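The values are calculated or read from the model by the stated rules, or taken from the named source; none is laboratory data. Computed from a predicted structure; not experimentally measured. Don't worry about glycine lacking a Cβ; one is built from the backbone with ideal geometry, like all the others, and counts go over all protein chains shown. Only protein heavy atoms, including side chains, enter the accessible area calculation; ligands, DNA and RNA are left aside. Shrake-Rupley method; radii C 1.70, N 1.55, O 1.52, S 1.80 Å.
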Amino acid sequence: MKVKDLFKNKTVYSFEVFPPKSTSSVDTIYNALDKLVDLHPDFISVTFSAGGSGNSGLALDIASKVKSMGITPVLHLPCINYTKEQIDATLVEAANRGIDHILALRGDINPDIPPVKDFAYACDLIRYLRSKGDFDIAAACYPEGHPDADTLEQDIENLKIKVDAGADHLITQLFFDNSFFWNFREEAAKKGINVPIEAGIMPVVNKKQIERMVTTCGASLPQKFVKIMQKYEHNPEALRDAGIAYAIDQIIDLAAGDVDGIHLYTMNNPYVAQKITEAVSGVISV
Ligand code: FAD
């Protein structure tokens with residue numbers, strides 16, 4: 001069954017993993033997958049580098065592994081730094097492995113890599129995928145607006161183009177204040193966007209993540225979140241527990257508001273995913 005059909009009957013619950021850096025052992029992700037699969041997510045998505053530094057060669061292997069474990073893999077596919085021929089080659093490789101779920105993305109523009117012009121936006125890739133075969137196509141969306149867009153309204157207008165191009169469902173960028181999600185969902189509906197929207201939740205459980213949030217993440221950091229992070233930043237165990245509790249709180253509120261799905265950015269950490277899943281399984285019927 002395709003993921004797009006699951007939303008009709010349930011709150012979809014999914015995980016995201018990423019290929020480890022080329023300096024780390026690949027076994028770390030395979031060991032993590034063994035535990036993540038036991039939590040019965042509806043799908044596991046695998047990130048793919050937009051080009052340059054990442055370890056994208058592994059993404060297909062990891063997606064294949066997910067499939068062999070009986071869970072639907074969703075392969076992220078950023079297009080901005082790839083030619084049509086390179087995208088075709090990845091799609092052939094995906095098809096050979098029975099992977100037919102794609103999260104179609106533009107990818108971040110890297111100032112050091114001149115963009116390839118074959119696909120300028122995610123909507124161009126989505127149109128292309130639609131012309132190529134029977135894919136289940138997910139796309140990204142941004143409750144606080146994409147950083148390149150002047151306004152949230154303009155970004156939602158562009159999102160409508162992406163949905164009209166053929167996106168079956170959407171996954172949000174992480175956010176720490178649910179009010180942005182509720183506002184975004186309402187504004188998207190007003191613009192005629194009526195595909196399911198999964199909320200992307202990132203449990204922040206260590207100091208390195210906090211630093212990354214503060215410097216690079218476009219998400220607003222609510223006072224309650226900042227207070228918790230400041231209080232526990234020097235106490236790893238307390239910080240981990242507080243980050244897990246914060247994510248659980250967000251998910252319960254989202255479930256109460258009939259969210260279409262929860263996409264957990266697991267950071268390849270099965271312990272955190274397990275604690276959250278145990279706490280929310282009753283409210284979203286995992
Ligand atoms: P687009 O939808 O193309 O939008 C990019 C910008 O262009 C936005 O400002 C939008 O408003 C504007 N725009 C869109 N369409 C048009 C149009 N037709 N005309 C004019 N303007 C337009 N990156 C990776 O490299 N690898 C990953 O695996 C990855 N996974 C991700 C998973 C999720 C759930 C999310 C939310 C993001 C992920 N990203 C990943 C990051 C993503 O690639 C970046 O946020 C990127 O900058 C935008 O990608 P997009 O697909 O949303 O782009």
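If the viscosity is 1.567 mPa s and the temperature 4 °C, what Stokes-Einstein diffusion coefficient in µm²/s follows for the stretch 139-241 when Rh is the Kirkwood radius over Cα pairs? Estimated via Stokes-Einstein, D reaches 87 µm²/s. Find the Cα radius of gyration of the stretch 1-56, compare it with 2.2 N^0.38 Å by division, and give the number to two decimals. With N residues counted in the stretch 1-56, Rg over 2.2 N^0.38 Å equals 1.37. Residues in the chain average 46 Å² of solvent-accessible surface per residue, probe 1.4 Å, ligands and nucleic acids excluded. Each part reduced to its alpha carbon centroid, the stretch 73-117 and the stretch 125-139 end up 11 Å apart. Once C-alpha pairs closer than 8 Å and six or more residues apart are averaged by separation and normalised to the residue number of the stretch 172-286, the relative contact order reads 34 percent. Each Lys and Arg adds +1 at its Cβ and each Asp and Glu adds -1 at its Cβ; summed about the Cα centre, the stretch 172-286 shows a dipole of about 340 debye. Simple point charges give the picture: +1 on the Cβ of Lys and Arg, -1 on the Cβ of Asp and Glu, and for the stretch 3-284 a dipole about the Cα centre of about 260 debye.
Per residue, the convex hull spanned by the alpha carbons of the stretch 204-286 comes to 103 Å³.
The calculated Kirkwood hydrodynamic radius for the chain is 19.3 Å, given to one decimal from all distinct C-alpha pairs. All alpha carbon pair distances within the stretch 6-138 were sorted into 10 Å bins beginning at 0; the resulting P(r) in whole percents reads 12, 42, 34, 11, 0. Using a Förster distance of 41 angstrom, determine the FRET efficiency expected from the C-beta separation of K160 and E237, and round it to 0.05. For R0 = 41 Å, the calculated efficiency reads 0.35.
Between K35, K65, K132, the GNM of the chain built on Cα springs shorter than 10 angstrom shows K132 fluctuating the most. Site pair A245 and I113 shows an inter-label distance of 4.1 nm when each label is modelled 7 Å from Cα along Cα→Cβ.
Model label points for T216 and K10, set 7 angstrom from Cα along the Cα-to-Cβ axis, are 3.3 nm apart. Of the solvent-accessible surface of the stretch 3-284, computed with a 1.4 Å probe over protein heavy atoms with every protein chain present, carbon and sulfur atoms account for 50 percent.
The alpha carbons of the stretch 48-113 occupy a box of 39, 20, 16 Å along the principal axes, longest dimension given first. Pairs of Lys residues in the stretch 94-250 that lie 8 or more places apart, or on two chains, and have C-alpha atoms under 16 angstrom apart add up to 7. Averaging the Cα positions of each part gives two centres, and for the stretch 1-33 and the stretch 208-274 these lie 18 Å apart.
Each of D88 and K208 was given a label point 7 Å from its Cα along the Cα-to-Cβ line. The distance between the two points is 4.0 nm. Summing charges over neighbours of N183, with a neighbour being any other residue whose Cβ is under 12 Å away from its Cβ, gives -3 when K and R count +1 and D and E count -1.
Its relative contact order, with pairs defined as Cα atoms under 8 Å and 6+ residues apart, puts the chain at 20 percent.
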